[in-house]
Amino acid sequence: MVKLEHSKDQMAKSLKGKDFLTLLDYTSEEISYLLDYAFFMKQQMSHGEMPKLLAGKTLGMIFEKHSTRTRISFEVAMIQLGGHAMFMNARDLQIGRGESVYDTGNVLSKYLDAVMIRANSHEMVKELALNTTVPIINGLTDIFHPCQAMADLLTIKEVKGTLKGLKIAYVGDGNNVAHSLIIGAVNMGMDVFISTPIGFECNENILVEAKKIASISGGTVEVVSTPVEAVTNADVIYTDVWASMGQEDQVANRLKLFKDFQINDALVAHAKTDYMFLHCLPAHREEEVTASVIDGPNSYVFQQAGNRLHAQKALLANLLCDDL
Ligand code: CP
Ligand code: NVA
């Protein structure tokens, strides 16, 4: 029988029924506990133990954008936990032809036990959360991707054995993935170095919040001017696509403006020899990262993608299970 190291009683109570919109709403202790719980569930699964903690529960999954990992890992998570997941393309719902978020939220609360939503606008997701009585989970918005950050941290902890004191470099677009990663990493006491092209910086308010968290957690957040500065002696190097979903019309322009921010062999030579390369995927080889790096020995991107399942099972169990 696999045992959870962390005492869970108090924590499971504090998380029950909560929304998961951004890691800014979660304490370092809660994040750390959820990571331990994810690791525990992953170990349980490898021993053939799969408790049906969410039997009879239904997760609604609304998508305004494409998805492979988020959609499939949430659906599999619910199946493994004994519950059910329902995919909904936002275009097919009445919200896609103008029904209000208020009415939609109130109606969904009558059928579902939780809603996971991938949306264009974080503001819309906040409004939905205000108008539902069940937990809302952010499956990516224009500003945040907290489920991704949980899998990222889980992967680093699995490989390195710890998070505190590690140097992580984020190089590329100051986007949704970057924001959640920065907040999660600094909460765990990591030293975060960020290098983004001019005009594509991270959201200033999020950086201010990250620095406040750093002063408590013992981590650091530094925006540096070059990718080399960011990755020098790094334990972890992270990048994401140069043009996110919805920015397809900017691809050509971004390819030009981001070219010095590519993760390639010359750049990673500045990192520690045992550095980890991470990418949320989907990736564009020879754009933000060369094949030599993403398909090389320091890349953990598929372990990272696999960990979406375990991180989300931990989240779902803690938000939804009546007697965890
Ligand atoms: N990383 C991630 O969220 O992937 P999908 O867009 O495929 O869900
Ligand atoms: N920044 C990317 C992440 C995809 C998982 C996007 O928003 O498209």
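The values are calculated or read from the model by the stated rules, or taken from the named source; none is laboratory data. Please read these numbers as outputs of a predicted model, since none were measured by experiment. A quick note on method: Cβ atoms are made from the backbone with ideal geometry, for glycine too, and the neighbour counts reach across all protein chains shown. Each accessible area value is taken on the protein alone, full model and side chains, heavy atoms only, with ligands, DNA and RNA left out. Shrake-Rupley method; radii C 1.70, N 1.55, O 1.52, S 1.80 Å.
Per the listing Thr133, Thr68, the residue uniquely of a type outside the set (Phe, Trp, Tyr), within 16 Å of ligand 2 (Cβ to nearest atom) and open to solvent by 50 Å² or more (accessible area, probe 1.4 Å) is Thr68.
Given the criterion surrounded by 15 or more Cβ atoms within 10 Å (Cβ to Cβ) and not polar (S, T, N, Q), identify the matching residue among Glu248, Glu287. Spell out how you get there, then give the answer.
Working: Glu248 fails: surrounded by 15 or more Cβ atoms within 10 Å (Cβ to Cβ).
When all the criteria are applied, what remains is Glu287.
Just so you know, in region 142-162 the residues that are more than 11 Å from the chain's Cα centre (by Cα) and open to solvent by less than 40 Å² (accessible area, probe 1.4 Å) include one that is nearest to ligand 1 (Cβ to nearest atom), and it is Thr155. For Ala178, the conditions (1) touching a residue at least 60 places away in the same chain (Cβ under 8 Å); (2) out of contact with any helix residue (DSSP H, G or I) (no Cβ under 8 Å at 6 or more places or on another chain); (3) in a helix (DSSP H, G or I); (4) farther than 14 Å from Phe144 by Cβ are fulfilled apart from (4). Checked across region 100-110, the condition of being modelled with pLDDT of 95 or more, surrounded by 16 or more Cβ atoms within 10 Å (Cβ to Cβ) and aromatic (Phe, Trp, Tyr) holds for no residue. Of the listed requirements (1) closer than 30 Å to Gly189 by Cβ; (2) under 21 Å from the mean Cα position of the chain (by Cα); (3) in a helix (DSSP H, G or I), Lys18 misses just one: (3). When every residue of region 192-203 is checked against the conditions, none turns out to be of a type in the set (Phe, Trp, Tyr) and within 16 Å of ligand 1 (Cβ to nearest atom). Scanning region 308-324 for residues that are out of contact with any Pro (no Cβ under 6 Å at 6 or more places or on another chain) and either among the aliphatic types (A, V, I, L, M) or assigned to a loop (DSSP other than H, G, I, E, B) (or both) gives Leu309, Ala311, Ala314, Leu315, Leu316, Ala317, Leu320, Cys321, Asp322, Asp323, Leu324.
Residues in region 165-194 that are among the small types (Gly, Ala, Ser), under 10 Å from Thr239 (Cα atoms) and more than 12 Å from ligand 2 (Cβ to nearest atom): Ala169 alone.
The conditions are (1) under 19 Å from the mean Cα position of the chain (by Cα); (2) in contact (Cβ under 8 Å) with a residue 24 or more places away in the chain; (3) over 21 Å from Ala266 (Cβ atoms), and Ile168 fails exactly one of them. Which is it? Condition not satisfied by Ile168: (3).
So which residues in region 266-286 are under 22 Å from the mean Cα position of the chain (by Cα) and touching a residue at least 40 places away in the same chain (Cβ under 8 Å)?
Initial filter on region 266-286 (under 22 Å from the mean Cα position of the chain (by Cα)): 275-285.
Those that are under 22 Å from the mean Cα position of the chain (by Cα) and touching a residue at least 40 places away in the same chain (Cβ under 8 Å): Tyr275, Met276, Phe277, Leu278, His279, Cys280, Leu281, Pro282, Ala283, His284.
For region 218-240, give me the residue count where each residue is of a type in the set (Ser, Thr, Tyr) and either at pLDDT below 95 or crowded, with 19+ Cβ neighbours inside 10 Å (or both). The number of residues fulfilling the criteria is 3.
Limited to region 187-228, what total is found for residues that are closer than 19 Å to Leu163 by Cβ and aromatic (Phe, Trp, Tyr)? Give the steps one after another, and end with the answer.
In the first step, residues of region 187-228 are kept if they are closer than 19 Å to Leu163 by Cβ; the result is 187-194, 209-222.
Within this subset, residues satisfying the condition of being aromatic (Phe, Trp, Tyr) are 193.
Going through region 187-228 one residue at a time, the tally reaches 1.
Could you grab me the full set of residues in region 252-281 that are open to solvent by 60 Å² or more (accessible area, probe 1.4 Å) and under 23 Å from Gly199 (Cα atoms)? Hits for region 252-281 are Ala252, Asn253, Leu255, Lys256, Leu257, Lys259, Asp260.
Can you tell me which residue within region 269-290, out of those that are under 23 Å from Ser180 (Cα atoms) and of a type in the set (A, V, I, L, M), is nearest to ligand 1 (Cβ to nearest atom)? This residue is Leu281.
Any chance you could count how many residues in region 299-310 are in contact with a helix residue (DSSP H, G or I) (Cβ under 7 Å, 6 or more places away or on another chain) and more than 13 Å from ligand 2 (Cβ to nearest atom)?
First, the residues of region 299-310 that are in contact with a helix residue (DSSP H, G or I) (Cβ under 7 Å, 6 or more places away or on another chain): 299-301, 303-305, 307-310.
Now restrict to residues that are more than 13 Å from ligand 2 (Cβ to nearest atom): 299-300, 303, 307, 309-310.
Residues meeting the conditions: 6.
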